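One structure is given here, and the rest of the page talks about it.
The values are calculated or read from the model by the stated rules, or taken from the named source; none is laboratory data. It should be emphasised that the depicted structure is a prediction, and the values quoted were computed from it without experimental measurement. Every residue, glycine as well, gets a Cβ built from its backbone with ideal geometry; the counts of neighbours run over all protein chains shown.
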Amino acid sequence: MSISVIRTLILYALILVMLRLMGKRQISELQTSELVVTLLISNIAVIPMQDTSLPLLSGVVPILLLVACEIVMSVLMLKNSKFRRVVCGIPQIIMNNGIIDQKKMKMLRISTEDLWEELRQANVFSLDDVKYAVLETNGKLSVLKKPQKDTATAEQLNVNNPTNTFELVIISDGEIAESSMKFCGISQDWLNKTLRKNNVNSKDIFIMTATPDHKYNIIKKEG
């Protein structure tokens, strides 16, 4: 039993490292080659986990080989656009100037329900609003609305918006995120003064966010 646990933990850690090397894409954003490698890795890893009579290397070696192939494929696709088109395909225009290309939909085996689902996810609820719809190589639909149907920008309305900023999590469940502090230009001295000002200890904070201009928000742990 202990051998199975150890083998499982080793393979689990290995898969995490391998997927980290492949990138941070979500499943819905995987290209064809990446999805194939991910599925193969998950299937290969199960075999040495369940059958302890097999050597651990029988699972480790194929996983390493698959990840190496994927990295090589990614480099080749980056260097050669023709090779990338062969492996991943090219984006396909489903709607052109508001007109649905029915032949293209049949060729890609996309139903009207699939089209409507993708349009709704793009916050489009009427075909009259769409100027172009492009099916990307990862299966997602990119939608460009007609100018008269799209939301006007601040520039178009001649409105001067305040400068956009962002906030990052500085403390999460009592743990200080030094990388976020560095990114926001926040010093440890400023953080200590702010915590003293609010009469709170970092261990008592559930979430603390801050912006580069030192605006912050603190949510204490319940209880």
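The table below lists the values:
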read-out: Neighbours by Cβ (under 9 Å, 6+ apart or cross-chain): first from region 195-207, under 11 Å from ILE219 (Cα atoms) and not assigned by TED's automatic domain parsing to the domain that holds MET181; second among the acidic types (Asp, Glu) and part of a helix (DSSP H, G or I); value: none
read-out: Boolean, ASP128 is at pLDDT 80 or above, over 26 Å from the mean Cα position of the chain (by Cα) and not β-branched (Val, Ile, Thr); value: yes
read-out: Search result, residues across region 151-184 that are in contact (Cβ under 8 Å) with a residue 12 or more places away in the chain and more than 17 Å from SER202 (Cβ to Cβ); value: THR165, PHE166, GLU167, PHE183
read-out: Qualifying residues in region 125-148 (those that are without any contact (Cβ under 8 Å) to a residue 24 or more places away in the chain, surrounded by 13 or more Cβ atoms within 10 Å (Cβ to Cβ) and touching a helix residue (DSSP H, G or I) at 6+ places or on another chain (Cβ under 9 Å)) - the one nearest to TYR216 (Cα to Cα); value: LYS145
read-out: Enumerated strands (runs of 3 or more DSSP E) restricted to region 38-155, each holding at least 3 residues that are touching a His at 6+ places or on another chain (Cβ under 9 Å); value: none
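Okay, residues lined up against (1) modelled with pLDDT of 90 or more; (2) surrounded by 14 or more Cβ atoms within 10 Å (Cβ to Cβ); (3) touching a strand residue (DSSP E or B) at 6+ places or on another chain (Cβ under 9 Å):
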site	(1), (2), (3)
LYS197	yes, no, no
VAL200	yes, yes, yes
ILE205	yes, yes, yes
THR209	yes, yes, yes
LYS220	yes, no, yes
